[in-house]
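> Shown below is the structure under consideration.
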Amino acid sequence: MPLLDIRNLSIEFDSPHGRIRAVDRVNLSINPGEILGLVGESGSGKSLVAKAIMGILNDRWHVSADRLRYNGVDLLSLSAKERRKLMGREIAMVFQEPKSSLDPNDTVGHQLHESLPTDECKVSFFQQKKWRNERIRGLLHQVGIRDHERVMKSYPHELSEGVCQKVMIAMTIAYKPRLLIADEPTTVIEAGAQAQIFKLFRKLNQLNEVSILLITHDLEHVESWTESITVMYCGQTVESGLTKHIFKQPFHPYTMALLQSMPHFDEMLGHKSQLTTLSGCVPSLQHLPIGCRLGPRCPRAQRKCVQVPQMQKSRGHYFSCHFPLIDDEEPS
Ligand SMILES: Nc1ncnc2c1ncn2[C@@H]1O[C@H](COP(=O)(O)OP(=O)(O)OP(=O)(O)O)[C@@H](O)[C@H]1O
Ligand code: SF4
Ligand SMILES: [Mg+2]
């Protein structure tokens, strides 16, 4: 049974122009111990999906799904209190905006103290403070923070975005979740420390069987660290499957364009040569094209693309395109 099982998740909000669907019938499934990558251009709805799983979208948003189950439990049928309890115990999220996710009025040390699970502390009452301080130092060390004392005494606004991000990662790993949602976990972290964070995630995944939903723009990280991948465009899933298969042979023109936009250092690149990108930009949610949402930007678009393409399956990939990049000579 998948740990997280999402079928036809839609997320809408009311605007002066009427109700707008920002995420449209997205499917995701993560098995215990699996690392799944969620990719797509800015504004494709990745963070909204993550926030809907966590149940932290405010009342302005309308979340519906045929299935939104965590470990067999229907998340949409839980009360807000039950949902918070489950999230606090089982699912943790590293937010994309680390500074705004920390309490600006509290020191980082105190926030870390608060995030430590109470049942983990087995020492006597008088030794608890010392135990907690040591545990926090250990966590900060794991995420690559060496000057523990200064960081613990600081307020979030006194620290860089990168350090705040590391603090958030330390908080999330403190209570050993079963599912970790990491939304752009290393974008604001210096390159050298990014590898350390990914090694930490890999360790959590391998030693504690933590499942990870990795949301990122960095396709190199996706290729190196994930087993499966879901590609989103403009609020919809366009392709999903095993990472190694999709990187070898994407079927959807959008996935192909994303992969072609990756720099390949094994090939000779001309001086100041441009990387391949799709022309145009993601349409606004208020002015979506009819039929396939990629239509106006797609190099393979044809007349049939004014009809919405349905999700289909071939050779283990799911994709929604009328004219996929399938080599017909290969066996199915
Ligand atoms: N609070 C909000 N009010 C109105 N629209 C919103 C709000 N938050 C997100 N959206 C819209 O929902 C869509 C999806 O946003 P989301 O933040 O999930 O994208 P994303 O894929 O995470 O992008 P990025 O890669 O830049 O983080 C975007 O079109 C965005 O403009
Ligand atoms: S359905 Fe048409 S427009 Fe959409 S991705 Fe496929 S070829 Fe391009
Ligand atoms: Mg985002």
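The values are calculated or read from the model by the stated rules, or taken from the named source; none is laboratory data. Everything numeric here is computed off the predicted structure, so don't read it as measured data. Note that each Cβ is placed from the backbone with ideal geometry, even for glycine, and that neighbours are counted across all protein chains shown.
> Tell me whether region 174-194 contains one or more residues that are touching a Cys at 6+ places or on another chain (Cβ under 9 Å), of a type in the set (A, V, I, L, M) and surrounded by fewer than 24 Cβ atoms within 10 Å (Cβ to Cβ). Can you show your working first?
The initial filter retains those residues of region 174-194 that are touching a Cys at 6+ places or on another chain (Cβ under 9 Å), namely 188.
Okay, now just the ones that are also of a type in the set (A, V, I, L, M), so 188.
Subset that is surrounded by fewer than 24 Cβ atoms within 10 Å (Cβ to Cβ): 188.
Yes, because at least one residue in region 174-194 is touching a Cys at 6+ places or on another chain (Cβ under 9 Å), of a type in the set (A, V, I, L, M) and surrounded by fewer than 24 Cβ atoms within 10 Å (Cβ to Cβ).
> Starting from region 13-26, keep only residues that are within 16 Å of ligand 2 (Cβ to nearest atom), then list their pairs with residues that are outside any strand (DSSP E or B) whose Cβ atoms are within a distance under 6 Å, requiring at least 6 positions of separation or different chains.
Once the first residue is within 16 Å of ligand 2 (Cβ to nearest atom) and sits in region 13-26, its partners that are outside any strand (DSSP E or B) give ASP24/GLY235.
> Looking at VAL167, is it at pLDDT 90 or above, among the β-branched types (Val, Ile, Thr), buried (at least 21 other Cβ atoms within 10 Å of the Cβ) and within 19 Å of the chain's Cα centre (by Cα)?
yes
> From the residues in region 173-202 that are modelled with pLDDT under 90 and within 27 Å of THR118 (Cβ to Cβ), which one is farthest from ligand 3 (Cβ to nearest atom)?
For region 173-202, the residue satisfying everything is LYS176.
> Could you list, ordered by first residue, the pairs with Cβ atoms under 6 Å in which the first is in region 247-259 and within 14 Å of PRO299 (Cα to Cα) and the second is at pLDDT 95 or above and within 16 Å of ligand 1 (Cβ to nearest atom), at least 6 apart or interchain?
Partner pairs satisfying both residue conditions: HIS252/VAL238; HIS252/GLU239; TYR254/TYR233; TYR254/VAL238; TYR254/LEU294; THR255/VAL231; THR255/GLU239.
> Given the criteria free of Cβ contacts under 8 Å to residues at least 40 places away in the same chain and charged (D, E, K, R), does GLU184 qualify? Full working, then the answer.
Working: free of Cβ contacts under 8 Å to residues at least 40 places away in the same chain: no; charged (D, E, K, R): yes.
No; evaluated as a whole, the condition is false for this residue.
> Can you tell which of GLU209, GLU227 is surrounded by fewer than 18 Cβ atoms within 10 Å (Cβ to Cβ) and at positive phi? Before you say what the answer is, go through the steps one by one.
Working: GLU227 fails: at positive phi.
Checking each option against the conditions leaves just GLU209.
> Please work out which residue is farthest from the chain's Cα centre (by Cα), limiting yourself to region 1-18 and to residues that are over 23 Å from SER77 (Cα atoms) and in a strand (DSSP E or B).
GLY18
> Check every one of the helices (runs of 4 or more DSSP H) wholly within region 26-135 and list those with 2 or more residues that are closer than 19 Å to ILE181 by Cα, within 16 Å of the chain's Cα centre (by Cα) and of a type outside the set (S, T, N, Q).
46-54
> It is to be established whether one or more residues within region 165-188 are over 30 Å from ILE30 (Cβ atoms) and not in a helix (DSSP H, G or I).
No, region 165-188 contains no residue that is over 30 Å from ILE30 (Cβ atoms) and not in a helix (DSSP H, G or I).
> Let me ask something else about it. What about VAL23, is it within 16 Å of ligand 3 (Cβ to nearest atom), in a strand (DSSP E or B) and either surrounded by fewer than 16 Cβ atoms within 10 Å (Cβ to Cβ) or hydrophobic (A, V, I, L, M, F, W, C) (or both)? Before the answer, list the steps.
Details: within 16 Å of ligand 3 (Cβ to nearest atom): yes; in a strand (DSSP E or B): yes; either surrounded by fewer than 16 Cβ atoms within 10 Å (Cβ to Cβ) or hydrophobic (A, V, I, L, M, F, W, C) (or both): yes.
Yes, satisfied.
> Just to verify a result, which residue in region 282-315, among those that are in contact (Cβ under 8 Å) with a residue 60 or more places away in the chain and within 16 Å of ligand 1 (Cβ to nearest atom), is surrounded by the fewest Cβ atoms within 10 Å (Cβ to Cβ)?
The selected residue is GLN286.
> Being more than 22 Å from GLU239 (Cα to Cα) and modelled with pLDDT of 95 or more is the requirement here; does HIS17 meet it?
For HIS17, the condition - more than 22 Å from GLU239 (Cα to Cα) and modelled with pLDDT of 95 or more - is not met.
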